[in-house]
Structures are given as structure tokens and as C-alpha cells.
Amino acid sequence: MEVREIRLEGRLGSDSLPVWVRHRAGLLNLSGWLDRADAEHARIVVAGPGPMIEAMEVSCSLGPADVMVEQISSSPLWLDDIPQGFSIR
Amino acid sequence: MSAAFTLYDYVLSGNCYKIRLFASLLAMPYQSVAIDFYPGYEHRSERMLSLNPAGTLPVMVTSAGGQVLTETNAMLAWMALHDGGAQTPWFPAVDPALGPQVQQGLAFGAGLTDSIGLARLHAMLDWPVDGEAAKRAGLKHLRALELHLTDRQIDGGLWWAGAHPTIADLACFPYVALSPDAGLEHDGFPAIRRWLYAVRSLPGFATMPGIHPLHELR
Amino acid sequence: MSLAYARNDWYVIADRNSLEQGPRRTRLLGDEIHVSGSYAHPVIKDASGRMLPTQIKFDHVWTTVGDRPRPLFDIPEGNEPGRRLVPCGMVRVKCSPLRAVENFLDIAHFPFVHTDVLGAEPYTEVEPYKVEIREQNDEVWATKVKFFQPLAAKSAAGGITTDYEYRVPAPTTAVLYKTCPPKPEAQDVITIFVQPRSETECDVWPWMALYDDDTPYADLVQFQQMIFLQDRSILENQRPIKLPLDPRMEIPTRSDLTSVAYRRWLKKRGAFYGALAETL
Amino acid sequence: MTWRPVGLTRDVPAGRVMRAWVDGQDAVVWRSTRGVLSAWDNRCPHRGMALSHGFVRGEDLACLYHGWHYGAEGGVCSLIPSHPDLTPPDTIKTRAFQSAESDGVIWVRLEGSPDLAPPAIAPGLDPLRSFEIRAREGDIAHGAAAKPFEPAILSLLFNPIAHDRTLVTVLIDAQATSDQRKLASRWCEDVRREVEA
């Protein structure tokens, strides 16, 4: 079990992004949440097995059709209390 | 072990594959010479035409006696007899019941080459032939084969004829297995699927591009 | 929009061998194209009879139907002395031209589709590798790709771990650099040039630049044809036929990183010919 | 949704895979080594390859492209060969349909009440063969009625697989001899020729 923070930058203004991220997290069975700072920045915290977190990053780098992710980066987090399920904050 | 024959060979040819497959099933060593059928049209080169004026592949030259064979059915017969003599189960030539049945299958296999084989060359390599006509002829052949193999199934048989696979099965197998290359799928042909699986399960089975190994048996 | 972008790329339309067979009717981006003349002086016309520009590069004849074509990329290895240049003819596939490129960039399928040649179970694991979009020339590159292969090339004697690099210089071209068994310090170059006949059908022209003076030409071509024809039945059976740019329909993992980077690059450019750009 | 007859039990023995069409849906029908029959969307969720080209390993169906395995119980992904040490989450799975067998015929439907069994077949019939005709059900039924088969009782089941293609499953009187069965199989070809002409 790992916890990582994935940071996205780009044209993220579309309403489809949160729905899309939650669906993908559900598909990969990852817990965590999405914080969207503004139309250009978003932060996703996910917890789960390493390969599934990597799969989340890979999917996010492409994103939904009407979003263009320009930059993606990620780093490990040392958090213990990740609630079950995925939420939009 | 020394080579039983030299095969002038092209990797994408279903007819050449008949020989490679049978050699693999018999564990018969041979020497392969790659001929650039496409894109080089080397089968039409002076060197190859002097060996086989018909300009077709494969060509087999036997090591003993130096016979030159240019018809795949004759090559299959030669290999069966070379391997097992007159008693070979692969070619019961003089068996009153099976002999004619095997001849029927060998000729049917040639018809598959002329229909599905051409349709495939057209679909894959843009060969200048009437691809649609070849495909229609191919569908007729698949339906005829399905009927024959359904009869065999009603009689409790698995192979083209008799209780052992014969060169008739090998003459028919490649272009049937490769028919999806020409857009002729196997979906509506359960008896053909059962027979294809049986051939692919034979010990020593060899693949070619378009015919995957049975990964479940690995 | 997707067609407008695609019209301004260059595409292979013939090689020396095909021109020696006489005039040829073919298709490019959905329209009929007529090819005649010789390899030295090809004549290419569209359906209305308009002459199209041509150039000879990498042993193939290229054309474009656009008004402002982007310059054709270079493959400098093609000019290196000592390499053998091997055009491999054309194979037609009923699939999106982009799916043909994507498959060429994929290594995880080797054990199942190129069994006992480019891969074999149980060696199925894909180690992490690096993918980037190089800003200076706007190309996709995958580097530090490694895979265990039982029979990596015609010149290979047994199983080796092969090092790969992939380069996508245009939406319908992929270049592969791989360990060259007889010359470990150099890399073989294997390329596919994809001629998009339509969004769902393409002609694929493989081309190689190898350090291999020993293997007969026919064996080299047939090794490449064997590999590509093993992929053909896969390519004709993926759904949807067009390449989805939204990963919602698929589940990419880390081993699909090149595929995803390629799609991202197509999306950024608006190179949507052969792609599903909208959400289903 | 209706149960559709997609083939004969005999034609999908343990370890085999086939493709079927159900109400316009491309489906894969397969049987595990221990004999569990499944019908799923004919598409690997990973990269969209047709699962009907795949292979059976024990109780799993594996995709031919990248070897992802899906278990007979619920279609859950059990192995991703490029990440061999990972236990995939049970959220990664194929789309499963309902399948059932009765009297030697395989039936599939896309959805519906799990209690409702497929239609019963008149007793005393054996499955003979299934084959495709490039025509609609109504035209085939009409063509078959105009060409009655005398030697034995036949029963025909229809599965429309496209607007002009139909899969026909034929059953024959269980008492019929081998020769009568072969004649019936030829009769199928006669009907097809007639209807397609």
C-alpha cells in the first residue's frame, strides 16, 4: 500500500475532470481525493498498490477528451488516515 | 541428422507452410532457402524459373535422388512415404476406403489455395486479382468443408478421413486457418473450429504468421 | 479538422518494387491517388488529375496533399556508412493507421503475439522505462526500454535482453532502435511508415537500416514480415476501430506509457485522423 | 431481454472459446477447464482486443494481446503479465452477460431476471448443427417450410446476428440414424442456397 500525490497542470477547467478522475480511481480501486485549485491546477491524492497508482498517473496524463494535461508530477506522501473511497474536495 | 530435402520457402505462403508444418510434425530435418516472393518477386527470377518454370512456391529438391517437386500435394506425399514407407498413416494411398478420400482432400486443398489463398494475397499485399470473387469462392469452400466435417463428426471422426490425421488435413489446414486474413472469419463454422483446434494440438505443431500457438497448451 | 491536419503531412505512397510493377491506384486520406512513372521520376496525381509533389527518401516515394506541408523528418541513421537499407514492401491492414503505430511501440505483447521470437512466458514483466516528448523537435521518445527476447533478430544466436528506444517523428511513423547482436555498440533501426488509406484502413511499409552484412536479403525481409504479420490479426480485432484518445474505454498501466504518451501527443497536436477524439 | 441460442454445447467443450452475437452485442462464449460456461463482452478492458481470440488457462480466459487473465467467476482480472506480482483489484473486470445451457444448446442474454430459464426444447431432440445464413429469420423459416424434410423431425432455432444474417441451430429427432442426420445436414445447405439466392 502506497500513498502518492499527483499534481496536474494544464487546461483543466472542464467539468468533466472530477467525474473522470473519480471514475478512474474507482476502476483502479484507489482511495483518496481530488483538490482542484483552479482551472490550471489540480492535486490528486491516491492510496493503493504501487502499480495501480502508476496506472492512475498514466491515465491522468491523458485525461478526459476535453482536458489537456500539460505537466504531471507525483511524489510519495506519508499519510496514514486515508478514508475508504474517493471524494472530490 | 542430414536434411531430407531443400525447401525454397516464403514465410507468408500458406503452401510453403504446409511443408514446414508437416516436416515439424514428422521431425524431419530440411534445409530452407528463403525466396523473396514479395516485395522482390524472386520466384519469377531466372534462377527460380529455371528450377520451376511455373514460377510458384514452394519448390522442393529431395536430397536423395535430387527430385524436383513443385506441387505441394506431391511434396506432402513424398514426405509421408519418405518417413513411413507404404505403411505411413499419413498417406494410406492404396487403402480402398481411405485412399480416394485422401485424394479428395488433397484436391480440395488446392481449391482452397485458389480461392482463400488469392483472397488473402489481395487483402494483405494488394495482389492484382479480383479479391471479392476470390472471397466468394473461399466462402463456398468453407461451407463445403463445414458440411464434410459435420458428416465426419456425425460418424464420430475428427479428421478429414479415417482415425489418423493424413496429408489431406495438412493440405487443407493452412488456408482455412488463415482465412480471417482475407476477412473470412470462423465464427459460423463450429465443425471447422473443432478440426482446426485438433490440428493445432498435434504434437510438434508449428505456427506461421496469422496462426498463433495454442497458449493454453504451453 | 482532423483531416486538415493530416493533409499537411508527407506519406509513403510507393517504393521501387511497386513502381516496377506498373501504375498503381491507391488511396490516401480517403481519396483515390494514381501512381505511375519510375522510381527516379514518379508521377503522382489525385482523383482530379492534379499533380502532387513527390520526394524520394528512405528508399520510398513520399507525397503530400496539403497546401502547407510540414517538412518531412529525417532519420539520420539511414545515411550512416556500413548500414544495409532494407525496404520490406507493403502490408495492408484494416485498422486505424494510428493503431498500427501504437502497436509498433508496444513491448508487453511480445510473449503472446511474437511467442518464442520477441518474447516468451514467463518473461512477461515490463521494467520501468522513460517516455518524454522532446520539445526541440516535438517528437515522442521512449528510452531505456528492456525486454528479454528468445530470438531478437535474424542475426541473434539465442536469448538476450534487448535494449530498445522508440521514436515517433510523425503521427504515422514509428522508429525503433534496438540492440544489434553482431555489433553491440550500435543499434539496428527498424521503422514503419504508415500510409493512411482511410481512418480505418492503412498500408504499412516497413523499412530497416541494419548492421548485418551476412544475412541474405530475403531472410531479413521475411523476418520483418513474419513479425508484422503476427500483429496483423491483433490490429484487425481491436475495438473501437479508431484509436480512443480518452482512456475511459481502456485500462492503461505503466507498461502502456508509450501508448499513452503517443495519444497525448496526438491530442495536443490535433492529429485526430484515425482517432476517436470525442468522449463516447 | 431475450435468451438467444448461440450454438451447441458440443461446440464449446472445456477449454474452448467462441464468438457470438447477442442482440447486436459482440460476445465471447467460453468454457473453463472445469467446465464453467461464461459469456462476456467480446472486448478486453485493457486495450480493446477481441477476447474471442484469447485462450483458456484453467479457470481463466486470457487475452491474446497482452495476456491479461479474467476469471470465470465474475470476469474479474486475475493476472496482468506485465506486472506479474500485482494482485489486480476486483474492480477490473469484463462485462458479463447471462449464459445457460439446456438440451445441448447454449443460450445467452444481455440482462434479465436471473430466475428466468431459457426456453425449453421439445423432448426427444438431439442437437445437429448450427450454421449461418445471410438472410432474415422470417425468410429462412419460410424457405424451410417450403422444403419439408421428410426422414425425421427437425426443429430450428434462430438468432439474428445482423440485419441480414441469422445463426440457425438445428435439432433432430433423437432416434434419427447417422444417415438421416447427414441428410438433414445437407438439407440445411439446400435451405441456405434457396434462401440466399
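The values are calculated or read from the model by the stated rules, or taken from the named source; none is laboratory data. What you see is a predicted model, and the numbers here were worked out from it, not measured in a lab. Quick reminder, even Gly has a Cβ in these numbers, built from the backbone with ideal geometry, and neighbours come from all protein chains shown. Quick note on the areas: whole protein, heavy atoms, side chains included, nothing else; ligands and nucleic acids left out. Shrake-Rupley method; radii C 1.70, N 1.55, O 1.52, S 1.80 Å.
Computed from the C-beta positions of D:Arg193 and B:Ser201 and an R0 of 25 Å, the FRET efficiency is 0.15 to the nearest 0.05. Under 20 Å from the 7 Å Cα→Cβ point of C:Arg16, by amide nitrogen: which residues of the range C:64-78? Answer for the range C:64-78: C:75-78.
Report the antiparallel proportion of the DSSP beta bridges in the protein assembly as shown as a percent, rounded to a multiple of 5. The partial results should precede the final answer.
Values: 137 of 147 bridges.
For the protein assembly as shown, the DSSP antiparallel bridge percentage is about 95.
Over the range C:1-123, accessible surface divided per residue gives 41 Å², non-protein components excluded, 1.4 Å probe. Take every DSSP beta bridge whose two residues both sit in the range B:5-87; close to 60 percent of them are antiparallel. What residues of the range C:214-236 lose no less than 40 Å² of accessible area with every protein chain in place versus their chain by itself (probe 1.4 Å, heavy atoms only)? Residues of the range C:214-236 that lose at least 40 Å² of accessible area once the other chains are added: C:Ala218, C:Gln222, C:Gln225, C:Leu229, C:Arg232, C:Ser233, C:Ile234. Of the GluC sites (Glu not before Pro) found in chain A, the ones in coil according to DSSP and having at most 15 other Cβ atoms within 10 Å of their Cβ are A:Glu40. When only alpha carbons are used to place a centre, the range C:93-150 and the range A:1-27 end up 26 Å from one another.
Accessible surface for C:Thr63 stands near 0 Å², nearest 10, in the context of the full protein assembly shown (1.4 Å probe).
Does chain C come out rounded, prolate or oblate, given a ≥ b ≥ c as the square roots of the eigenvalues of its C-alpha gyration tensor, rounded meaning a/c under 1.5 and, failing that, prolate meaning a/b above b/c?
oblate
DSSP assigns beta bridges within chain C; of those with both partners inside it, close to 95 percent run antiparallel. Between C:Arg25 and D:Thr177, the simple spin-label model (points 7 angstrom out along Cα→Cβ) gives 5.6 nm. Measuring from each cysteine beta-carbon in chain D, the ones with no other cysteine beta-carbon under 4.7 angstrom are D:Cys77, D:Cys188.
Projecting label points 7 angstrom from Cα along Cα→Cβ for C:His34 and D:Ala141 puts them 5.3 nm apart.
Just to verify a number: FRET efficiency for B:Ala133 and B:Gln103, C-beta to C-beta distance, R0 = 30 Å, to 0.05? Don't jump to the answer; show the numbers that get you there.
Numbers: r = 27 Å, r/R0 = 0.89.
In this case the efficiency is close to 0.65.
Rounded if a/c is under 1.5, else prolate if a/b is larger than b/c, else oblate: which is chain D, with a ≥ b ≥ c the root eigenvalues of its Cα gyration tensor? In terms of gyration-tensor shape, prolate. Between amide H atoms placed 1.01 Å from N, distances below 5 Å from C:Arg84 occur with C:Leu210, C:Tyr211, C:Asp212, all of them 5 or more places distant or on a separate chain.
Legend: calculated FRET efficiency, B:Ser2 to B:Leu81, from the Cβ-Cβ distance at R0 = 30 Å, rounded to 0.05, equals 0.95. For the range D:105-115, backbone phi angles converted through the Karplus equation (6.51, -1.76, 1.60; θ = phi - 60°) give residue-by-residue couplings of 10, 8, 10, 9, 9, 6, 6, x, 4, x, 7 Hz, Gly and Pro being listed as x. Which pairs in the list C:Lys146/D:Lys93; C:Lys94/C:Lys146; D:Lys147/D:Lys182; C:Lys130/C:Lys178 are over 19 Å apart, alpha-carbon to alpha-carbon? As for pairs spanning more than 19 Å Cα to Cα, those are C:Lys146/D:Lys93; C:Lys94/C:Lys146. Taking max minus min of the alpha-carbon positions on each principal axis, chain B gives extents of 50, 43, 37 Å, largest first. Please give the residues of the range D:4-47, grouped as numeric ranges, whose backbone N is less than 14 Å from a label point set 7 Å along the Cα-to-Cβ vector of D:Ser102. Correct set: D:4-6. Rolling a 1.4 Å probe over the protein heavy atoms of chain A, with every protein chain left in place, gives an accessible area that is 50 percent carbon and sulfur. The spacing between the range B:52-92 and the range A:51-65, judged by their C-alpha centroids, is 57 Å.
Rank these residues by their accessible area, most exposed first, probe 1.4 Å: D:Glu59, C:Glu127.
Values: D:Glu59 45, C:Glu127 95 Å².
From most accessible down to least: C:Glu127, D:Glu59.
Which of rounded, prolate, oblate describes the protein assembly as shown, given a ≥ b ≥ c as roots of the alpha-carbon gyration tensor eigenvalues and a/c under 1.5 marking rounded, otherwise prolate only if a/b is larger than b/c? Could you put the intermediate results ahead of the total?
Values: a/c = 1.71, a/b = 1.17, b/c = 1.47.
Here the protein assembly as shown falls in the oblate category.
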